[in-house]
Amino acid sequence: IADLPPAKDFVGALRAAPPPALIAEVKKASPSKGVIRQDFNPVEIARIYAEGGAACISVLTDEPYFEGHLNYLRAIRDTVAQPLLRKDFIIDEYQLLESRAAGADAILLIAAALPIHQMKRLLEGAASLGMASIVEVHNAEELDEALSVQARIIGINNRNLHQFRTTLRTTLDLMPRIPPGHIVVSESGINFRADVERLAAAGVHAVLVGEALMREADIGAKLAELLGVAKAH
């Protein structure tokens, strides 16, 4: 790790993009949908995202549920310049070192899966390695926990973990509870440009989109639609 170049500025990339910034996700499968994309070339998908204007790229590395792999992150790191988020179930310090060594610039911490003292320790550990952390919340109670440990980036997951249903109301309802100075990322259930615009109007800084991109034959065209730009031919 000592020999690695410094982590890229994940927060800076989100702030520099026209709002809301797009975090595009490389994701083969999910627990609720099974395999989303049969024709799955993670490096090629990341390249399309990078060329299409994604501010950052999220890479699923969880194997049992999402058919991801840490090697996908390594290969994508060698291919694109954008900051990379490692999307996985991060629960211990070893995974922080593993993430940084594989080229991650940011990690996901899921409030529902972590006792508050552990969340704080992992946040601080990630920061000491130069990585940003998105603390993912689903409700007001988890949001209060994230704010209490000084999480800078709040990810609001619009998917109900018990029924797997999504509603953007989750983000819209929690937004007023988040003090200024935080970066808010809305995750899940973002399928169309209208969804992006609705979240932007509510003050969301970034959106994380995976499935809506993964299920399209022409990923670049869908990316352009979500960003509200005409795709060059």
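The values are calculated or read from the model by the stated rules, or taken from the named source; none is laboratory data. A quick note: this is a predicted structure, and the numbers were derived from the prediction, not measured. Cβ placement follows ideal geometry from the backbone for every residue including glycine, while neighbour counts extend to all protein chains displayed.
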Count - residues of the range 37-52 that are touching a residue at least 12 places away in the same chain (Cβ under 8 Å) and either touching a Ser or Thr at 6+ places or on another chain (Cβ under 7 Å) or in a helix (DSSP H, G or I) (or both): 10
In the range 1-36, residue farthest from Met214 (Cα to Cα) [restricted to those that are assigned to a strand (DSSP E or B), touching a residue at least 60 places away in the same chain (Cβ under 8 Å) and not hydrophobic (A, V, I, L, M, F, W, C)]: Ser30
Flag if Gln118 is more than 27 Å from Pro42 (Cβ to Cβ), without any contact (Cβ under 8 Å) to a residue 40 or more places away in the chain and among the polar types (S, T, N, Q): yes
Residue within the range 50-70 that is at pLDDT below 95 and crowded, with 23+ Cβ neighbours inside 10 Å present: no
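Looking at the range 53-67 only, could you name the residues that are within 18 Å of Ala106 (Cβ to Cβ) and assigned to a helix (DSSP H, G or I)?
Going residue by residue through the range 53-67, those that are within 18 Å of Ala106 (Cβ to Cβ) are 54-62, 66.
The one that is within 18 Å of Ala106 (Cβ to Cβ) and assigned to a helix (DSSP H, G or I): Phe66.
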The range 71-95, subset in contact with a helix residue (DSSP H, G or I) (Cβ under 7 Å, 6 or more places away or on another chain) and among the aromatic types (Phe, Trp, Tyr), residue surrounded by the fewest Cβ atoms within 10 Å (Cβ to Cβ): Phe89
